[in-house]
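Colleague: Here it is: the structure, laid out below.
What follows is calculated from the coordinates using simple rules that are stated; it is not laboratory data. These figures come from a predicted structure and were not determined experimentally. Every residue, glycine among them, receives a Cβ derived from its backbone with ideal geometry; neighbour counts consider all protein chains shown.
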Amino acid sequence: MEKQQHRLAFGTLVITSKLPDTMVHFTAEEKAAVVSLWAKVNVELVGGEVLGRLLVVYPWTQRFFDNFGNLSSESAIMGNPKVKAHGKKVLTSFGNAVKHMDDLKDTFAELSELHCDKMHVDPENFKLLGNMILIVLATHFSKEFTPQVQAAWQKLTTAVANALAHRYH
Amino acid sequence: MLSAQERAHVAQVWDLIAGHEAAFGAELLLSTKIYFKHLGVCPDEAQLLTHGQRVLEAVGVAVQHTDHLRAALSPLADLHAQVLRVDPANFPLLIQCFHVMLASHLQGEFTVQMQAAWDKFLTEVAMVLTEKYR
């Protein structure tokens with residue numbers, strides 16, 4: 001790491017470190033684990049389940065979906081067509097992450113601005129959604145969702161969450 | 001506080017785990033390795049089984065006492081506060097692993113209501129275990 005010296009207005013010397021570019025590196029095995037599972041994912045079905053579960057298990061997330069109609073009960077949420085449609089949209093976007101695992105920051109730059117500047121979504125929610133993706137994948141893939149596969153997916157969802165939150169920093 | 005229905009969901013899921021605490025515990029701890037590599041801990045299989053069983057049996061105690069978790073888990077809360085001092089930030093990670101494990105075993109039966117009930121329950125357990133930290 002490069003060290004830079006900064007002189008503050010009143011003459012005090014402060015040494016700071018220039019941080020390296022924190023790009024997430026995925027190993028070949030991690031990429032393979034993600035890509036091979038993704039090929040079998042029904043994006044429409046899984047997307048709807050993921051968003052539905054987020055809204056049920058963490059009801060405060062409903063605050064971002066005021067115009068989604070009936071979110072009054074678990075069955076209303078899971079059956080809500082707007083939830084399903086938006087879930088599909090969100091997970092389709094994740095498909096983009098799978099294709100650009102080495103370049104998530106740039107891939108999600110626009111979405112990051114949208115979520116942060118326009119929608120004002122607390123970045124914590126990106127982590128919660130990521131966790132939901134893993135849980136729903138586990139219900140679908142069961143034994144195939146091994147600890148190694150889980151690890152690769154957790155790494156990806158965390159990296160996407162960070163990329164989406166980038167505009168906050 | 002868990003509602004009656006939430007308690008029912010917790011009990012229903014526990015029925016599948018009861019008697020197999022060691023196996024589930026080992027699986028749980030194996031999956032947490034991915035989060036705790038920095039601890040440099042590399043337990044062998046026997047240790048995983050023993051410790052996993054201990055953790056799951058404690059969860060079993062919590063399942064039996066959802067109405068008075070503080071009293072039931074008091075000795076464990078003392079242990080975590082005075083001896084183990086597991087960073088509170090780690091509990092959500094363990095809880096996530098627990099959910100993934102339940103999801104992979106129960107698949108479609110791990111309904112959203114079950115997930116919500118278990119998340120609420122395990123979060124309460126974690127809260128009780130870290131309550132005496134300061």
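Colleague: Can you give me the span-like helices of chain B, meaning DSSP H runs with 18 Å or more of Cα extent along the axis and Kyte-Doolittle mean at or above 1.0?
Modeller: Helices meeting the criterion: B:90-106.
Colleague: Using the Cα centre of segment A:28-165 as the reference point, and only Cβ charges (+1 on K/R, -1 on D/E), how large is the resulting charge dipole? Debye, rounded to the nearest 20.
Modeller: Using only the charged Cβ atoms, the result is roughly 340 debye.
Colleague: Within a Cβ distance under 13 Å of A:K118, other residues only, what is the Lys/Arg minus Asp/Glu net charge?
Modeller: Result for the neighbourhood of A:K118: -2.
Colleague: How tilted is helix A:81-99 with respect to the longest principal axis of chain A? Cα atoms for both, answer in degrees (0 to 90, nearest 10).
Modeller: Here the helix axis deviates by roughly 50 degrees.
Colleague: Hey, another quick one. May I ask for the distance between the Cα centers of segment B:59-95 and segment A:22-48, given as a whole number of Å?
Modeller: If we compute the Cα centre of each part, the gap is 34 Å.
Colleague: Report the charge-dipole magnitude of the protein assembly as shown in Debye, nearest 20, computed about the Cα centre from +1 at each Lys and Arg Cβ and -1 at each Asp and Glu Cβ.
Modeller: Rounded to the nearest 20 debye, it is 620 debye.
Colleague: Next question. Taking every residue in B:96-102, how many Cβ atoms of other protein chains lie within 10 Å of its Cβ, on average?
Modeller: 5
Colleague: Name the most mobile residue of B:H51, B:H80, B:H68, meaning the one with the largest mean-square fluctuation, in a Gaussian network model of chain B with Cα contacts below 10 Å.
Modeller: Judging by the Gaussian network model, the answer is B:H68.
Colleague: Can you give the average number of partner chain beta-carbon atoms within 10 Å of each beta-carbon in peptide A:146-158, as a whole number?
Modeller: Mean partner-chain Cβ count within 10 Å for A:146-158: 3.
Colleague: Where a Cα-Cα gap under 19 Å defines reach, which aspartates and glutamates qualify for A:K31, not counting those fewer than 8 residues away within the same chain?
Modeller: Filter leaves A:D102, A:D103, A:D106, A:E144.
Colleague: Quick one: which of A:K118/A:K143; A:K105/B:K132; A:K118/A:K155; A:K84/A:K105; A:K84/A:K143 span more than 30 angstrom between C-alpha atoms?
Modeller: Where the Cα-Cα span goes over 30 Å, the pairs concerned are A:K118/A:K143; A:K105/B:K132.
Colleague: So, R0 is 22 Å and r is the distance between the beta-carbons of B:A81 and B:D44; what FRET efficiency does that work out to, to 0.05?
Modeller: So the FRET efficiency works out to roughly 0.20.
Colleague: Using alpha carbons only, how many degrees (0 to 90, rounded to 10) separate the axis of helix A:43-57 from the longest principal axis of chain A?
Modeller: The angle comes out at about 80 degrees.
Colleague: Roughly how tilted is helix A:147-164, in degrees to the nearest 10 and between 0 and 90, from the longest Cα axis of chain A?
Modeller: Helix A:147-164 sits at roughly 60 degrees to that axis.
Colleague: Hey, in the GNM for chain A with a 10 angstrom Cα cutoff, which one of A:A97, A:A159, A:A151 fluctuates hardest?
Modeller: Highest fluctuation of the listed residues: A:A151.
Colleague: Let me ask something else. Want the number for B:K33 to B:D15: 0.36 nm per residue separation, take away the alpha-carbon distance, what's left?
Modeller: Gain in length upon complete extension: 3.9 nm.
Colleague: If R₀ is 35 angstrom, what is the calculated FRET efficiency for the pair A:N70 and B:H51, using the beta carbon separation as r and rounding to 0.05?
Modeller: With a Förster radius of 35 Å, E is 0.15.
Colleague: Further question: On average over all directions, what projected area in square nanometres does segment A:28-165 have, based on the convex hull of its Cα atoms?
Modeller: Result: 7.7 nm².
Colleague: Right, another one. Per residue of chain A, what 222 nm ellipticity follows from adding -39500 (n - 2.57) for every DSSP H run with n ≥ 4, rounded to the nearest 500?
Modeller: Value at 222 nm, helices only, nearest 500: -17500 deg cm²/dmol.
Colleague: By counting other Cβ atoms within 10 Å of each Cβ, how are B:L29, A:L164, B:L84 ranked from fewest to most?
Modeller: B:L84, B:L29, A:L164
Colleague: Pick from B:A26, B:A77, B:A116 the residue whose mean-square fluctuation is largest in a GNM of chain B, springs joining Cα atoms under 10 Å.
Modeller: Ranking B:A26, B:A77, B:A116 by mean-square fluctuation puts B:A116 first.
Colleague: Within the set of other residues whose C-beta is less than 12 Å from the C-beta of B:V59, count the net charge using Lys and Arg as +1 and Asp and Glu as -1.
Modeller: -2
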